[in-house]
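Before I ask anything, here is the structure I am working with.
Laboratory data are not the source of any read-out in this text; all were calculated from the coordinates shown. Because the structure is a prediction, the values reported are computed rather than measured. Counting neighbours? That spans all protein chains shown, and the Cβs are built from the backbone with ideal geometry, glycine included.
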Amino acid sequence: MRFAVSPIPAIRLIFFLDGLIIAKWLPHLPDIQAKLGLDIGQLGLALAALPLGIMASLPLVGTFVIARLSERGAIRLTFAWLAFTSILPGLAWDLPSFAVALFFFGSGIAGVEVAMNATADAVETRLQKRIMSSCHGLWSVGNLAGAALGSLALSFQLEASLTLPVAAPLLLALAWFSTGQLARNPLSSAPGPALALPDLPLLLLCLLPFSACVLEGAMADWAAVYLRSEHGAQAALTGAGFGIFAAIMAGTRLTGDRLIDRLGPVFLARCCGVSGLLGLTVLWAAPNVWTALLGFALMGFAASLIFPISVTAAARQPGRSPAMNIAALSLICFSGYVIGPPVVGFIAGLVGLRTALACLIPFAIGVLLLAPRVQPKLAAQPT
């Protein structure tokens, strides 16, 4: 199929918009908590509904959406549902309605997660050009932009009940317009089973990004607390750990496609494992804040390329459609992101946060040992 305009900018824009719409509501969370009168325990209970919505939806997306629609249709349908559900948290009136809103928001995140990754893989295969890493880099940039826009709205004292309903249709219109450059042919030639559960080879591959997501989740939730509790960092520096982590991760992903072409995915996956091992060791031994920030930079590189490399590898696994394999991989990876922070918190309560982070070293070693599970070449597949 020939395109008047390359589909690459279109799918990259979808990744950016997805990252933006997911992150935009987060700065409003303290105000939503205050409006609903939730204590910390109630807030934590409600927030658990978001990953539950994602994990409940991921196994079904490949069958009931991706296997029956084209690249264009899958993106448009799932992004429309994401845009609608992104409004709901700001409209909640009590704890149960907030939890239900987050569950449906999670289902919207799950749909776009599979649709955009399956489409990026299809574009890679069709054009024989790597784009997966840069797409995920733009998703990270979208996260930063969404958080910034949400903070800007708060600076003007605009509530979530106003800004989210205004932003959602605008972002949907951008996504809808961009998908005109995507193909109309089906993402999958035949529907798969009702549950996108992995077979053994795919399961072994999924353990690689699972390990990386455990590390990423721990850094996201505990970086600021670590700097404050272990090094007495002032308020201006407590956010620097995650900021450096996120910036290194985004920058590496944006240049990752060229790195993979030059060095190969297996070598880079091993480099990520080594970087994670070094980063956790630095965080355990760091004598001051500045050394700790080096540790977070190393962890940013460690978490950067594993997921996009693994998505491409999963899509090439034989036996099922790329979309079904990506749904299975996303389910397992996201469980790692959910599991990591509470495990660190539990261990920190016993032995301290510094030692708790060091206890994640086996996951960095897991990345290093599982690196050969990714395929070394971008091989064409029939659609």
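So for the stretch 200-373, averaging the separation of alpha carbon pairs under 8 Å that are six or more residues apart and normalising by length, what relative contact order in percent results?
Working: 259 pairs, mean separation 72.5, N = 174.
Relative contact order, the stretch 200-373: 42 percent.
Then there's this: At residue 31 and residue 234, where each label point lies 7 Å from the Cα along Cα→Cβ, what is the point-to-point distance in nanometres?
2.9
Identify which of 161, 275, 70 has the largest mean-square fluctuation in a Gaussian network model of the chain, with springs joining Cα atoms closer than 10 Å.
Largest GNM mean-square fluctuation: 161.
Ok, one more. Using Cα pairs under 8 angstrom and six or more residues apart, how large is the relative contact order of the chain, in percent? Walk me through the intermediate numbers first.
Values: 675 pairs, mean separation 97.0, N = 383.
Value for the chain: 25 percent.
Mean Kyte-Doolittle hydropathy of -0.5 or higher plus an axial Cα length of 18 Å or more: which whole DSSP H helices in the chain meet both?
Working: long enough: 8-23 (23 Å, 2.07); 49-64 (23 Å, 1.67); 71-87 (25 Å, 0.68); 95-127 (48 Å, 1.03); 132-155 (35 Å, 0.90); 160-178 (27 Å, 1.71); 200-231 (43 Å, 1.12); 240-263 (31 Å, 0.67); 265-285 (30 Å, 1.59); 289-302 (20 Å, 1.86); 322-351 (43 Å, 1.69).
Taking the DSSP H segments of the chain (at least 18 Å long, mean hydropathy at least -0.5), we get 8-23, 49-64, 71-87, 95-127, 132-155, 160-178, 200-231, 240-263, 265-285, 289-302, 322-351.
I'd like the distance between the alpha-carbon centres of the stretch 240-314 and the stretch 9-75, rounded to an integer number of Å.
Here the two parts' Cα centres lie 25 Å apart.
Could you compute the longest span of the chain free of chymotrypsin sites (Phe, Trp or Tyr not before Pro) located in DSSP loops and having at most 16 other Cβ atoms within 10 Å, not counting the site residues?
After excluding every exposed loop site, the longest remaining stretch is 157-383.
Dipole of the stretch 8-181 (Lys/Arg Cβ +1, Asp/Glu Cβ -1, origin at the Cα centre): which of 139, 86, 41 lies farthest to the positive side?
Of the options given, the answer is 139.
Relative contact order, percent, of the stretch 8-181 when contacts are C-alpha pairs under 8 Å separated by at least 6 residues? All intermediate terms of the calculation are to be shown ahead of the outcome.
Values: 235 pairs, mean separation 79.2, N = 174.
46 percent.
Could you rank the peptides 166-172, 213-219 by their average count of other C-beta atoms within 10 Å per residue, with the highest value first? It would help to have the intermediate numbers written out before the result.
On the way: 166-172: 16.9, 213-219: 26.1.
Answer by packing, highest mean first, reads 213-219, 166-172.
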